[in-house]
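Colleague: Take a look at the following structure, please.
Please treat every number below as a calculation from the coordinates, not as lab data. Because the structure is predicted, anything quoted here is derived from the model rather than measured. A quick note on method: Cβ atoms are made from the backbone with ideal geometry, for glycine too, and the neighbour counts reach across all protein chains shown.
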Amino acid sequence: MTTDTSSIRSENQEARAAALLAWYDAHHRELPWRTPPREIAAGRRPDPYGVWLSEVMLQQTTVEAVKSYYLRFLARWPTVADLAAAETDDVMKAWAGLGYYSRARNLKACADRVAADHGGLFPDTEDGLRALPGIGAYTAAAIAAIAFGRPAVVVDGNVERVVSRLFAIATPLPAAKEEIRRHVQAMLPADCPGDFAQAMMDLGATICSPRRPKCMLCPLNEGCAALGEGDPERYPVKLPKPERPQRRGAAFVAIRSDGAVLLRKRPGSGLLAGMAEPPTTGWTARADGETGVGAAPFAAGWRAAGSIRHVFTHFELTLDVFRAERVEHVPPSGWWWSPPQDLSGEALPTVMKKAIAAAMEGAATYREQQDKA
DNA sequence: TACACGTGGAA
DNA sequence: TTTCCAAGTGT
């Protein structure tokens, strides 16, 4: 502020923000949770509950995947009080398929806290939001800016990409995070931090994309250092990722005469915590573990039903699937028979749905049920 | 700081 | 097919 260079840079940053906001006015995406810039300018504010819900769902998740979940949650639990009054199991069921299931548990815990400790109103400061479960640095800043108009510095993966290209930042992520934050801080317009944050993210999502960025259409192309160098895709610089180890296990899908499938609940912590599954073995790091029919949870007419593959963030799983039909096993406590009409509503992660689908293929019991239906 | 934690779409 | 990775958080 006091030296010539910083005031010059400040003017540049101001011009950049203005160009970005003009672009956002004309080209912003229409999203179910978004209040468009025209309405913001008219004084309208989005419902903090909707902003929070969408931000949590969007963590590491694509916009397309989130849309239908967001709409379903909002229709079923229109306010944070409704969500606080809900059963955690129902929230987990509604979240099934979206991934990163600790988000769902934290979502519910956060709603409980807002209802119990904040009178049903979300805190309107970054610090207040940051203290809630499932709300980290990014989400706290995003809610503060978008829902409450606070001048918070919002840095997500999009912003990291845009800024690291704009300034050709050679430091690999995540070490470059602080430097990126400083640049965003310098650009931040005090009068519309919410639009600015969303504009940066829209730009990163639609123009300054990871591959083949559309620099010709970019409102910030004039001063972009990476474009000047000729290879914007070089940024952001990231450390190479460790390769994904292979794991193998088995899943045992027991089918009752009426087509019901035997399920149980996974442990409360770790992978797919608290979600439903057909009985499975542990997933060993080795590819040749004890995963055959010998590992079945109880005696039945188990038959091999092929195997499925599923990719998790940090390992790749091959699951050998076994099927037993016309099983009349009395479920141990915590296990239950899920009738065909209930199955789609269970808290089944995608990997487990794949395993069950593989078992059903060619299952006579299941075919009979389908024919009746 | 480093790792655990899901899924599906794009190139 | 393979690789990347999307509006990150918790530990």
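Colleague: What are the extents of the Cα atoms of the range A:246-372 along their three principal axes, in Å, largest first?
Modeller: Its Cα atoms span 42, 27, 25 Å along the three principal axes.
Colleague: Give, rounded to the nearest 20 debye, the magnitude of the charge dipole that the range A:1-139 has about its Cα centre when Lys and Arg contribute +1 at Cβ and Asp and Glu contribute -1 at Cβ. Present the calculation step by step, with values, prior to reporting the outcome.
Modeller: On the way: 16 positive and 18 negative charges, 77 e Å.
Value, rounded to 20: 380 debye.
Colleague: Another one. When you take every Cα atom in chain A, what is the radius of gyration, and what is Dmax, the widest Cα pair distance, in Å?
Modeller: My reading of the Cα-based Rg and Dmax gives 24.8, 82 Å.
Colleague: Another one. Which shape class applies to the range A:290-363: rounded if a/c is under 1.5, otherwise prolate when a/b exceeds b/c and oblate if not, where a ≥ b ≥ c are the square roots of the Cα gyration tensor eigenvalues? Can you show the working numbers first?
Modeller: On the way: a/c = 1.58, a/b = 1.20, b/c = 1.32.
Oblate is the answer for the range A:290-363, as a/c is 1.5 or above yet b/c matches or exceeds a/b.
Colleague: For the range A:161-205, what D do you get in µm² per second when you plug the Kirkwood radius from alpha-carbon pairs into Stokes-Einstein at 37 °C and 0.692 mPa s? Don't skip to the answer; put the middle values down first.
Modeller: On the way: Rh = 11.1 Å.
After rounding, the answer is 295 µm²/s.
Colleague: Taking each pair of different alpha-carbon atoms in the range A:99-158 once, compute 1/r for the pair, average those values, and report the inverse of that mean as the Kirkwood hydrodynamic radius in Å to one decimal. It would help to have the intermediate numbers written out before the result.
Modeller: Details: mean 1/r = 0.0846 Å⁻¹.
So the Kirkwood estimate lands at 11.8 Å.
Colleague: Where does helix A:102-117 land angle-wise versus the long Cα axis of chain A, in degrees 0 to 90, nearest 10?
Modeller: 70 degrees
Colleague: Find the all-direction average of the projected area of the Cα convex hull for the range A:49-191, expressing the result in square nanometres with one decimal place. Could you put the intermediate results ahead of the total?
Modeller: Details: hull surface 36.0 nm².
If you wrap the Cα atoms of the range A:49-191 in a convex hull and average its projections, you get 9.0 nm².
Colleague: Then there's this: In cubic angstrom, how much convex hull volume per residue do the alpha carbon atoms of the range A:186-248 span?
Modeller: Numbers: hull volume 10.3 nm³, N = 63.
Convex hull of Cα atoms, per residue: 163 Å³.
Colleague: Hey, another quick one. From the residues A:Leu217, A:Gly204, A:Ala357, which one has its Cα farthest along the dipole of chain A in the positive direction, the dipole being from +1 and -1 charges on Cβ of Lys/Arg and Asp/Glu about the Cα centre?
Modeller: Going by the Cα projections, it comes out as A:Ala357.
Colleague: Give or take rounding to whole Å, what are the principal axis extents of the alpha carbon atoms in the range A:227-312, in descending order?
Modeller: Between the extreme Cα coordinates on each principal axis of the range A:227-312 lie 68, 27, 25 Å.
Colleague: In what sequence do A:Ser257, A:Ser269, A:Ser209, A:Ser333 fall when counting other Cβ within 10 Å, fewest first? Don't skip to the end; give the middle numbers.
Modeller: Numbers: A:Ser257 12, A:Ser269 9, A:Ser209 15, A:Ser333 6.
With the fewest neighbours first, A:Ser257, A:Ser269, A:Ser209, A:Ser333 line up as A:Ser333, A:Ser269, A:Ser257, A:Ser209.
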